[in-house]
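These notes concern the structure reproduced below.
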Amino acid sequence: MIKSMNKIWIAILALVICSCSYESNPVENEVGFFKGTIETYSGATNVVYLDGVNIETLPESKIALSDGHGKFSLDNVPSGTYILKMTKEDYYDTYSPVLIEEGKIRTDFFMVLPFAEDNTFPEEPYSPYPLDSGLCYVSDVTMFWRSSDADDNPIYFDIYLSQDYPPTECIAQELETDRLVVKGLITGKTYYWRVRVRDYYGASILGDIWQFRVKQI
């Protein structure tokens with residue numbers, strides 16, 4: 001009887017010890033840190049810091065606000081690729097891809113431009129190739145799309161492509177042409193992609209998400 005009771009108490013003690021050990025050693029998330037500075041133009045060429053800019057990550061994770069020196073920080077952000085969305089009244093919405101790496105602090109500068117009088121937004125991207133929901137039979141493909149600007153301002157393109165939905169990995173920035181050669185696509189995989197078009201003054205449009213599947217001939 002005494003031996004049985006001893007075994008019971010040993011089992012209870014072991015359970016308590018295991019429980020305490022679990023609580024005192026929680027698993028930490030893989031997180032990183034981002035510190036940024038936002039600038040804008042005052043007059044034709046004078047660059048100044050911009051306060052009161054709302055910053056949020058897409059996919060949603062963190063939100064911040066720039067201070068009087070244009071600075072902001074995003075702490076303990078789960079590692080991964082995000083798009084920073086920066087908004088302020090009377091300024092164009094600005095988007096920029098960022099990579100958050102575990103245990104690292106990344107810093108960068110961003111330019112947020114004020115509305116230009118009588119400037120219109122560029123046309124939303126259309127007519128993609130590969131076709132939306134279509135098939136692609138090669139691992140290297142020339143992707144292209146169409147867009148234009150009613151004011152005849154120069155326009156630039158950022159391309160997002162990944163096997164994840166929605167695509168947040170920016171594979172090319174500030175392209176001046178409406179096509180891009182992508183190599184090394186994997187047979188049997190579905191890819192999602194979209195195009196952001198921006199004009200000279202910073203007015204931008206993020207296009208629809210398209211998809212295609214790579215199939216072996």
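Each reported figure results from applying straightforward, stated rules to the coordinates on display, with no laboratory input. Here the structure is a predicted model, which means the values were calculated and not measured. Neighbour counts run over all protein chains shown; Cβ positions are idealised from the backbone, glycine included.
So if I take the centroid of the Cα atoms in region 127-147 and the same for region 186-217, what is the distance between those two points in Å?
9
Rank the residues Phe115, Phe110 as a footprinting-exposure proxy: fewest other Cβ atoms within 10 Å of their Cβ go first. Mind showing how you got there, number by number?
Working: Phe115 13, Phe110 21.
Neighbour counts put them in this order, fewest first: Phe115, Phe110.
Quick one: Kirkwood hydrodynamic radius for region 53-128, alpha-carbon pairs, angstrom, one decimal?
Details: mean 1/r = 0.0708 Å⁻¹.
It is 14.1 Å.
Based on the inverse mean of 1/r over its pairs of different Cα atoms, what is the Kirkwood hydrodynamic radius of region 126-214, in Å?
Numbers: mean 1/r = 0.0751 Å⁻¹.
Result for region 126-214, one decimal place: 13.3 Å.
What number, in percent, do you get for the relative contact order of region 40-156 if the mean sequence gap of Cα pairs under 8 Å and at least 6 apart is divided by its residue count?
Details: 169 pairs, mean separation 20.2, N = 117.
Normalised by residue count, the contact order of region 40-156 is 17 percent.
Please tell me the relative contact order of region 30-99 in percent, rounded to the nearest whole number, where contacts are Cα pairs under 8 Å and at least six residues apart. Each step should come with its number before you reach the end.
Working: 145 pairs, mean separation 21.9, N = 70.
Result for region 30-99 is 31 percent.
For Cα pairs less than 8 Å apart in space and 6+ apart in sequence, what is the mean separation divided by the residue count of region 126-214, i.e. the relative contact order in percent? Before the final figure, lay out the partial values.
On the way: 196 pairs, mean separation 32.1, N = 89.
It comes to 36 percent, rounded to a whole number.
Run the simple label-point estimate for Leu175 and Asn46 please: 7 Å along Cα→C-beta, distance reported in nm.
About 3.9 nm separates the two model spin labels.
Starting from the 7 Å offset along Cα-to-Cβ, what nm value, one decimal, do you get for the label separation of Thr81 and Ile186?
1.3
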